[in-house]
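Contents: one structure, followed by commentary.
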Amino acid sequence: MDEIADQTGLGVSLDGVYRWVAFLPSRTDERVPVANRYFGVFQDGSIKIRGIEARRRDTPPWVVETQVRMLERISRAGSVKDLPDYLRSAFEIFRKALADLQEDRVPLAKLVVTSRVSHELESYRSPTPAARSALQLLEYTGKRVRPGQKVRFVYTQGEMGVRSWEIPGKINLSDIDKDKYVELMARAAASVLHPFGIDDEQLKHWAHTRSIAFQFDFERKVSH
């Protein structure tokens, strides 16, 4: 640390000593690694995460909890030789979460997305899900959401694609857009599995098809 500070003129602080750390690529270009998307395990076994779904405020609790459980599972690997078994176990957590969704075992409250509205509602040419939720809230309750304020909603089937969590009336599980939540979960699981050669497109395809070919490919990659 002293040598780095002497050569760069920049102060350096010690965050901790990692047992291992994985840096993830940019979401816009997978060829470009970025310093603000990573997860790792300190020598005491505690986990540090930055820039992935569990740290984003607009990630549904169901996705956050599943991703954290996957990370906790692989953090138990004491060596590279132990890793394949823990990766299989992490994948099983992902699989079980999807099964819970398909069988309506996920409470609606855990599917709620919290997001900010960026502009005045009338200025949107193509309203974001948050803006559409805010427009529903305005229509049904007269409450206007201003730029910078948060809204809560769930993804639903149909033209609007969202249902404000704040408007009166019951939300039925049958109205939920499960395909959208599968995509959100696949993306979160891919952040955990990406360093081992698995991406979100593969996971989304498997989630919809339960492809046997993917299972073989997954086994091959985690074993190496």
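Odds and ends about this structure:
- Residues whose amide H lies under 5 Å from that of V162, counting only those 5 or more places away or on a different chain, are T156; hydrogens are built 1.01 Å from N in the peptide plane.
- 3J(HN,Hα) along segment 46-62, derived from phi through the Karplus expression 6.51 cos²θ - 1.76 cosθ + 1.60 where θ = phi - 60°, amounts to 6, 9, 10, 10, 9, x, 9, 4, 5, 9, 8, 6, 9, 8, x, x, 4 Hz, with x in place of Gly and Pro.
- Kirkwood hydrodynamic radius over Cα pairs of segment 172-224, then Stokes diffusion coefficient at 25 °C and 0.890 mPa s, in µm²/s: 209
- Value at 222 nm in deg cm²/dmol, rounded to 500, when DSSP H runs of n ≥ 4 in the chain each add -39,500 (n - 2.57): -13000 deg cm²/dmol
- Links that overshoot a 21 Å alpha carbon limit, given the list K110/K221; K48/K150; K178/K221; K143/K178; K110/K180: K110/K221; K48/K150; K178/K221; K143/K178
- Panel note: the C-alpha atoms of the chain, placed on their principal axes, show extents of 59, 52, 30 Å (largest first).
- The distance between label points at Q7 and M160 comes to 5.8 nm (points 7 Å beyond Cα on the Cα→Cβ vector).
- Working note: Karplus 6.51/-1.76/1.60 with θ = phi - 60° gives segment 184-191 the couplings 4, 5, 4, 5, 5, 5, 5, 4 Hz, where Gly and Pro are set to x.
- With the biggest extent put first, the Cα atoms of segment 9-139 measure 56, 53, 27 Å across the principal axes.
- Extension gain (nm, one decimal) between E122 and E219, 0.36 nm per residue minus Cα-Cα: 29.9 nm
- Shape call, segment 91-143: gyration tensor on alpha carbons, a/c limit 1.5: prolate
- Per-q log10 I(q)/I(0), segment 1-47, q = 0.13 Å⁻¹ (Debye; single scatterer per alpha-carbon; no solvent): -0.46
- By the equivalent-ellipsoid construction on the alpha carbon gyration tensor, segment 103-209 comes out with semi-axes of 29, 17, 11 Å, ordered largest to smallest.
- Theoretical FRET efficiency, 1/(1+(r/R0)^6), r = Cβ-Cβ of L14 and D82, R0 22 Å, to 0.05: 0.20
- Computed from the Cβ-Cβ distance with R0 of 30 Å, the FRET efficiency linking L108 to F196 stands at 0.35.
- Neighbourhood charge, 10 Å Cβ-Cβ cut-off, centred on A186 and excluding it, Lys, Arg +1 and Asp, Glu -1: -2
- Remark: accessible surface ordering of W62, W20 (largest first) is W20, W62, probe radius 1.4 Å.
- Phi to ³J(HN,Hα) by Karplus 6.51 cos²θ - 1.76 cosθ + 1.60 over segment 95-103, Hz, x for Gly, Pro: 4, 5, 4, 5, 4, 4, 5, 5, 9
The values are calculated or read from the model by the stated rules, or taken from the named source; none is laboratory data. Keep in mind that what you see is a predicted model, and the values were worked out from it rather than measured. Note: ideal-geometry Cβ built from the backbone for every residue, glycine included; neighbour counts use all protein chains shown. Protein only, heavy atoms only, side chains kept; ligands, DNA and RNA dropped before computing areas. Shrake-Rupley method; radii C 1.70, N 1.55, O 1.52, S 1.80 Å.
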